[in-house]
Amino acid sequence: MVLHKIIMQLLHFVIVLLGISFLTFSILFLSPRNPAELWLAGSDGNVGMISEEAIAEQERIMGLDKPFLVQYGTWLGKALQGNFGISFTYNTPVTEEIAKHMGPTVWMTVISLTVTILLAVPLGVLCAVYKDQLLDNVMRIFSFFGISLPSFLTSIIFLWFFCIKMEWLPVISKGGAIGILLPSVVLILQFVAKLTRQVRAIILEQLEQPYVDGAITRGVKFKNILFGHVLKNSAAPILTCISIYVGLAFGGSAVIEGIFSVDGLGRMAVSSVARLDIYVIQGFVLWVAIVYLVVNLLVDILSAMIDPRIKYNRKSGGGS
Amino acid sequence: MKRKWMAMFLAMMLGAAALTGCGNGSGEDSQGQGKSESEQSDQENENIVVVADTQAPTSLDLAQSWDSWYTSRWGITETLYMLDENLEPYPWLAESCEMKDDTTWEITLRDDVTFQNGKKMTAESVKACWERTAGINARFNEVLYIDTMTADGQKLTVTTTKAVPAFLNGLCEPLTGIIDVNDGGDPAAMPIGTGPFQAVSYEVKSECVVEKYADYWGGEPKADGAVIHIIGDTSTLTMAQQNGESDISVSMPGASMELFTDNSQYNVDGVAGSRGQVIYFNYGNPVLQELSVRQAISMIIDKDSYASIINKDASVTTTGLYPDFMAYGAEEGDGYQYDLEGAQTILEEAGIVDRDGNGIREFHGEDISLRLVTYSTKAELPLFCNEISSSAKKIGLDIQVEVYESVTEHQKTGDFDLMMISSTMCPTGDAQYFADITLKSGGSGNYGGYSNEKVDELIEQLDVEYDTEQRTELAKEIQKEVLADAGYIVIGHAKYYYVMGANVQGLHTNPSEYYLLNKDVYVE
């Protein structure tokens, strides 16, 4: 039964990924821009300065002169064998390109999410418990700034303060831990500002439920109500909120990576779109899709483990 | 206790990130990680020039896309001819290039040039390199139009598919640079050029390390090497120069220039190039077919103020089309001066007046309302456009500005009335390029459909004229005709800047954008 479910889930994954790959390829194919022309023109707006003959020849060299279905079929056939194509821009295999840029983004994600969860969840709970008191008001102001300040501005302020004013860190990223420290902090600030408010709202919703009033009336200690019931009931929606940040962070942030000169997935994705590097874009979209699918699956499993009602509903849903 | 665990966890995370180098893949730090202390100490004593740029090649293979511009700037590859400060070609790897007939050129190569692997550069190696480049990059065939090549010692005889009067200028384009293609290595990672610096490593969009080629044919380079950092953001580029992390900054935005006025710390070296801020008219619009309207628009642009105030002296003005410093630049009296009253008079005389009193003149009974499209990646363009729109209102024309990320689609579909773009008009120093693609009827860059029989006739003469003086005269004549027609407007030409620390020596900005590191550059 479990095996059957796993197989069905994997099948579901494959269908979704096939659909996404087809859709992405179609959109890129229908784009009015021409990858061969962009390749010839470079990144400096020289489009139009290249003759039609040269563009046609470059399309032939890049294999773009074939019909849509032939191009997609060829790519799919190779992709199923693990070959996702060669980047037009870098002339290297797409898997190699993604793997190269994945490192900084994954580390920034792991660090920022771990710290975010460790900070935002307790803070959110405390803000809900001590609603409208000092901590809640302070966190409200922090969240207000954290959410309203655009990431590029926060990044530039950080860069100026830590690298120019205090001279603690170099402006030019040397890679490694130092290179991802500041961008991770910017991500943490943004995530904590949002997640704290979300956790607070979820906890407050639970605290207003009749079962809490009933428990208080029965003389149950608030501490027991909070840890024994409220947090347990809030775990599933909090998990769903966190999963959104996982997907977001694994896709990389082009703006933050750009300012801190981190060569991550976000920068790669933006430059690939700018140059219409079809196969790299395909690879990136599939990577993000896989992250979301896996995270959703994990959230489903964990939610079912935390909240038996979810498991029950699934079973009854499956049986009907 | 919990805090301690959290701190340990974070320390482990950062430690692991440091150990894996954040997955850069190479496993070896180009700055010398893993080297012995004495080696690192030697490195500290070396004369290393640190360059920062926001733009980067996709590889070090000069045949790919426009990557050759970077290998040329970074001193790795060189061309047979180079451009001087007036964008005129002079021999470099070649001793001479002689035209035998309209389609045959005999190039004599220098005898003392060696590749960075010690091998001698011969006509055979140049031929092999160009054959490879032509097979990879279709643009190559439009630079030199090569039909056949015959190599004999240091002599390379080239025949072209058509008359190419600008052949020498073509030899300056970095795409025609020379690498040893028979070395067996990967030109994308480790090209073997003839320049003063050889590639050590390149992490795409991150960092390139080059070291001096001691046996460089032009003499031993003064710097031991250079590190080129690719920075994703211009604010970061500015800060890196401010705190002294970079010695030379390329692509510094005009808005940051005022931070580098202290001559004791910085040296800003900028020269005007041929990158023009060009306004295209869409001749499919009946309003813009009217000469008086085009002339009036040409007269509402206060070019001096645009360059000095809006663009903070990051560009120079021209009353013509081509840069004034070039041999075929505009002469006194060419073009149109800023004159709002004059512009109004021209429109009045043409019968284009505001009859309904709403402040906008009418053409065939309808208010004149035009769309001026531009893009945001060149910061000065939207500012110029807004100023034009504001001036246009004063003479009764409604010009609405539309700013896009890119105007490629508008160029293709003609979906604009006026369009302002930043365009390199003479990339190899020759007037023919801009004339052919933009001024000639049906040119690939003639987005607005400009057509003038006299201009076409003159361009055809230019296309086959070999005499330099005659070519200059023809280019001037073409320019005069287009200006009389108010066919295009060129506001000015952007300066090409290098911002340097005061300790950087031996570097002078060249307007071509092709050159940066050379054998004379070093840090004092």
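All of the numbers you see were taken from the coordinates with simple rules; none came from a lab. Since we're looking at a predicted model, the values are computed, not measured. As a convention, Cβ positions derive from the backbone with ideal geometry for all residues, glycine included, and neighbour counts pool all protein chains shown.
A few points about this structure:
- DSSP bridge pairs, region B:312-436: antiparallel proportion in percent, nearest 5: 20 percent
- What the phi angles of region B:365-373 give under the Karplus curve with 6.51, -1.76 and 1.60, with θ = phi - 60°, is a coupling list of x, 10, 4, 7, 10, 10, 9, 9, 9 Hz, glycine and proline written as x.
- Dipole moment magnitude, nearest 20 debye, chain A about Cα centre, only Lys, Arg, Asp, Glu C-beta charged: 1500 debye
- Among the chymotrypsin sites (Phe, Trp or Tyr not before Pro) found in region B:264-326, not one is both in a DSSP coil and sparsely packed, with 12 or fewer other Cβ atoms within 10 Å of its Cβ.
- Euclidean distance of C-alpha centroids, region B:187-265 and region B:72-122, integer Å: 24 Å
- Scanning chain B for DSSP H helices at least 15 Å long along the axis (C-alpha atoms) with a Kyte-Doolittle mean no lower than -0.5 picks out B:2-19, B:123-136, B:380-394, B:453-464.
- Label-to-label distance for A:Phe144 and A:His12 is 4.3 nm, based on points extended 7 Å past Cα in the beta-carbon direction.
- Pairs beyond 24 Å (Cα-Cα), from A:Lys66/A:Lys100; A:Lys5/A:Lys78; A:Lys174/B:Lys205; A:Lys165/B:Lys378: A:Lys66/A:Lys100; A:Lys5/A:Lys78; A:Lys165/B:Lys378
- Interchain or long-range residues, amide H under 5 Å from B:Asn311's placed H: none
- Residue by residue, region B:109-122 carries 3J(HN,Hα) couplings of 8, 4, 8, 10, 8, 10, 6, 6, 9, x, 6, 6, 7, 10 Hz when phi is fed to the Karplus relation 6.51 cos²θ - 1.76 cosθ + 1.60 (θ = phi - 60°); x denotes Gly or Pro.
- Cross-link pairs exceeding 28 Å in C-alpha to C-alpha distance, out of B:Lys412/B:Lys440; B:Lys394/B:Lys440; B:Lys312/B:Lys519, comprise B:Lys394/B:Lys440; B:Lys312/B:Lys519.
- One Cα centroid belongs to region A:119-140, the other to region A:283-302; the line between them spans 31 Å.
- Sites matching GluC sites (Glu not before Pro) across region B:370-450 that sit in DSSP coil, with at most 14 neighbouring C-beta atoms within 10 Å: B:Glu405
- Straight Cα distances below 16 angstrom link B:Lys119 to the lysines B:Lys127, with same-chain residues fewer than 8 positions distant left out.
- Listed residue (B:Leu381, A:Gly176, B:Tyr306) projecting farthest to the positive dipole end of the protein assembly as shown, Cβ model: A:Gly176
- Spin-label proximity, A:Leu76 to region A:282-312 - amide N less than 19 Å from point 7 Å beyond Cα toward beta carbon: A:282-287, A:289-290
- Using C-alpha pairs under 8 Å with a sequence gap of at least 6, the mean separation divided by the residue count of chain B gives a relative contact order of 19 percent.
- Relative contact order, percent, region A:1-119 [alpha-carbon distance under 8 Å, six or more residues apart]: 13 percent
- Remark: mean inter-chain Cβ contacts per residue of B:202-214 equal 3, using a 10 Å Cβ-Cβ cutoff to other protein chain atoms.
- For B:Arg275, residues with placed amide H under 5 Å, excluding near neighbours: B:Met425, B:Ala494
- Panel order for A:Thr114, A:Thr154, by other beta carbons found within 10 Å of each beta carbon, from fewest to most: A:Thr114, A:Thr154.
- Each Cα pair of chain B feeds into the Kirkwood radius, which the Stokes-Einstein equation turns, at 4 °C and 1.567 mPa s, into a diffusion coefficient of 51 µm²/s.
- For B:Asp417, distant residues with modelled amide H under 5 Å away: B:Arg371, B:Val373
- Region A:95-315: relative contact order in percent, alpha carbon pairs under 8 Å with at least 6 residues between: 29 percent
- Shielding of peptide B:410-418 by partners, expressed as the average count of other chain Cβ atoms within 10 Å per residue Cβ, is 1.
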